[in-house]
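Visitor: Sending over a structure as structure tokens; questions will come in a sec.
The values are calculated or read from the model by the stated rules, or taken from the named source; none is laboratory data. In this text, all values refer to a predicted model and were calculated from it rather than measured experimentally. Positions of Cβ are generated from backbone atoms using ideal geometry, with glycine treated the same way; all protein chains shown enter the neighbour counts.
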Amino acid sequence: MKLTTKGRFAVTAMIDLALRQEGGPVALASISERQKISLSYLEQLFGKLRRHKLVSSVRGPGGGYCLAKPLIDVSVADIIKAVDEPLDATKCGGMSNCHDEQPCMTHLLWTNLTTRMLDYLSSVNLAELVDQQRNRPDVKALQGQAHQTPTRRTRRVIAVATA
């Protein structure tokens, strides 16, 4: 069982949107460029996210997408479910017909894994993921550089003597 690119891209795009929506609606083209995700793929994902009322769209010049709910109210599980990503570790899709129309010997194991996975993804919200991104050391360094006044840089030439 693995999470496909559909779920991964949807979560990534939602984090990107959440980080930038303070300036107004965010264009999918800008998310596409920053995250290296196909624009047409993002359009499909955001159509599903909109139908599940996780995002809202604004048309026209300066349009784009905004979150439809507070960050804290959007879980990773909500995002993944919205884009039709199946989260099921069982071989039978949870139908209990894995082996000759009966549960296999490991059915309960995989069912419990699925439950724990969903519980975990439901416990992680977009607010936490946005905070993690804002507190990354590499992001903080870039933010700090953006607020510094430019300084004049000089180039040093070091001569190396060769024998």
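Visitor: List the number of the failed condition for Pro86; all other conditions in (1) closer than 21 Å to Phe9 by Cβ; (2) touching a residue at least 40 places away in the same chain (Cβ under 8 Å) hold.
Guide: Here Pro86 clears every test but (2).
Visitor: Just give me the residues in the stretch 18-42 being on the phi > 0 side of the Ramachandran plot and modelled with pLDDT of 95 or more, in sequence order.
Guide: Passing the criteria: only Lys36.
Visitor: Among the residues of the stretch 61-71, is there at least one that is farther than 29 Å from Thr115 by Cβ, among the small types (Gly, Ala, Ser) and free of Cβ contacts under 8 Å to residues at least 12 places away in the same chain?
Guide: Within the stretch 61-71, not a single residue is farther than 29 Å from Thr115 by Cβ, among the small types (Gly, Ala, Ser) and free of Cβ contacts under 8 Å to residues at least 12 places away in the same chain.
Visitor: Sticking with this one: Going residue by residue through the stretch 4-17, is there one that turns out to be at positive phi and without any contact (Cβ under 8 Å) to a residue 60 or more places away in the chain?
Guide: Taking the stretch 4-17 and keeping what is at positive phi, we get none.
No, that holds for no residue.
Visitor: Let me ask something else about it. So, in the stretch 63-78, exactly how many residues are assigned to a loop (DSSP other than H, G, I, E, B), among the hydrophobic types (A, V, I, L, M, F, W, C) and surrounded by fewer than 18 Cβ atoms within 10 Å (Cβ to Cβ)?
Guide: Within the stretch 63-78, residues that are assigned to a loop (DSSP other than H, G, I, E, B), among the hydrophobic types (A, V, I, L, M, F, W, C) and surrounded by fewer than 18 Cβ atoms within 10 Å (Cβ to Cβ) number 1.
Visitor: Further, regarding this structure: Scan the stretch 66-86 and tell me whether some residue there is of a type in the set (Ser, Thr, Tyr) and within 18 Å of the chain's Cα centre (by Cα).
Guide: yes
Visitor: Which of the numbered conditions does Tyr120 fail, given that it passes all the others? Conditions: (1) in a helix (DSSP H, G or I); (2) under 21 Å from Leu19 (Cα atoms).
Guide: Tyr120 satisfies all of (1) in a helix (DSSP H, G or I); (2) under 21 Å from Leu19 (Cα atoms) except (2).
Visitor: Kindly indicate whether Ile37 is assigned to a helix (DSSP H, G or I) and surrounded by 16 or more Cβ atoms within 10 Å (Cβ to Cβ). Lay out the reasoning, then the answer.
Guide: Working: assigned to a helix (DSSP H, G or I): no; surrounded by 16 or more Cβ atoms within 10 Å (Cβ to Cβ): yes.
Judged against the criteria, Ile37 is not a match.
Visitor: What residue, among those in the stretch 79-132 that are aliphatic (A, V, I, L, M) and modelled with pLDDT under 85, is surrounded by the most Cβ atoms within 10 Å (Cβ to Cβ)?
Guide: Initial filter on the stretch 79-132 (aliphatic (A, V, I, L, M)): 79-80, 82-83, 87, 89, 95, 105, 108-109, 113, 117-118, 121, 124, 126-127, 129-130.
With modelled with pLDDT under 85 added as a condition, the list becomes 87, 89, 95, 105.
Details: Leu87: 15, Ala89: 18, Met95: 12, Met105: 9.
The qualifying residue surrounded by the most Cβ atoms within 10 Å (Cβ to Cβ) is Ala89.
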